[in-house]
Amino acid sequence: MDVKMLIIHPEKCNNCGDCETACIQTRTSLTSPGLSCIRILKDNEDEEFFFPIACKQCENPPCMATCPKEAIYRDDELSWVLIDRQKCVGCGYCVSACPFGAMKLDKQKAKSYKCDLCKGDPECVKICQPLAIEYLDVEMIKYPNMVLLAGKLARLAKP
């Protein structure tokens, strides 16, 4: 199976908030409409720069490493990092450990939550008109980077 992930293009984000709204509408397990799994960071000094934040599905997720109840796990087939909400005790260690601010805590239910990629059909991607959020095959993402690196190495190797 192809492994896919969310790719964020902050330069395309216009702060419309449609991604946050779409996420909230699909999250029936959350207790508050303000608990979106994706959120837009805003630069207070530069009113033109916005950065959507969502789970990066880390290769070695710090949230998973810090969970004392092993409630955070990697789905072997899809390679997604997910939360078993039955095991989660809401300690918040995962929230503190996430370097991207993508883990969140529903204080009312005392459960952590994060993006689960809408089970492979992310609503935020479907609704994002400026195409600031994409859902791409990991191999497609790596390829341009490999080409760029190869070009740099070739220039270095020339006498």
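Condition check ((1) over 16 Å from S36 (Cα atoms); (2) modelled with pLDDT of 90 or more; (3) in contact with a strand residue (DSSP E or B) (Cβ under 7 Å, 6 or more places away or on another chain)) across all residues:
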{"residue": "G90", "(1), (2), (3)": "yes, yes, yes"}
{"residue": "S96", "(1), (2), (3)": "yes, yes, no"}
{"residue": "M103", "(1), (2), (3)": "no, yes, yes"}
{"residue": "K111", "(1), (2), (3)": "no, yes, no"}
{"residue": "K114", "(1), (2), (3)": "no, yes, yes"}
{"residue": "K119", "(1), (2), (3)": "no, no, no"}
{"residue": "E123", "(1), (2), (3)": "no, yes, no"}
{"residue": "I141", "(1), (2), (3)": "yes, no, yes"}
### Options A110, A132; residue that is of a type in the set (A, V, I, L, M) and on the phi < 0 side of the Ramachandran plot
A132
### Query
Out of all the residues in the stretch 77-116, which are among the basic types (K, R) and surrounded by 16 or more Cβ atoms within 10 Å (Cβ to Cβ)?
K104, K109, K111, K114
### Task
Starting from the stretch 78-103, take each residue that is touching a residue at least 12 places away in the same chain (Cβ under 8 Å) and on the phi > 0 side of the Ramachandran plot and list its partners that are of a type in the set (A, V, I, L, M, F, W, C) and in a strand (DSSP E or B), counting only C-beta distances under 7 angstrom and pairs at least six apart or across chains.
G90/L105; G92/L105; G101/I53
### Task
Kindly provide the set of residues from the stretch 40-51 that are within 19 Å of F100 (Cβ to Cβ) and modelled with pLDDT under 90, ordered by number.
L41, K42, D43, F49, F50, F51
### Task
Report yes if A65 is at pLDDT 90 or above and surrounded by fewer than 16 Cβ atoms within 10 Å (Cβ to Cβ), otherwise no.
yes
### Query
Among the residues of the stretch 16-39, is there at least one that is β-branched (V, I, T), modelled with pLDDT under 90 and touching a helix residue (DSSP H, G or I) at 6+ places or on another chain (Cβ under 6 Å)?
yes
### Query
Out of all the residues in the stretch 47-84, which are farther than 28 Å from C128 by Cα and of a type in the set (K, R)?
K69
### Message
Among the residues of the stretch 78-99, are any in contact with a Cys (Cβ under 8 Å, 6 or more places away or on another chain), of a type in the set (S, T, Y) and in a strand (DSSP E or B)?
### Response
no
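The values are calculated or read from the model by the stated rules, or taken from the named source; none is laboratory data. This structure is a prediction, so every number in the text was calculated from the model and none was measured. Note that we place each Cβ from the backbone using ideal geometry, even for glycine, and neighbour counts take in every protein chain shown.
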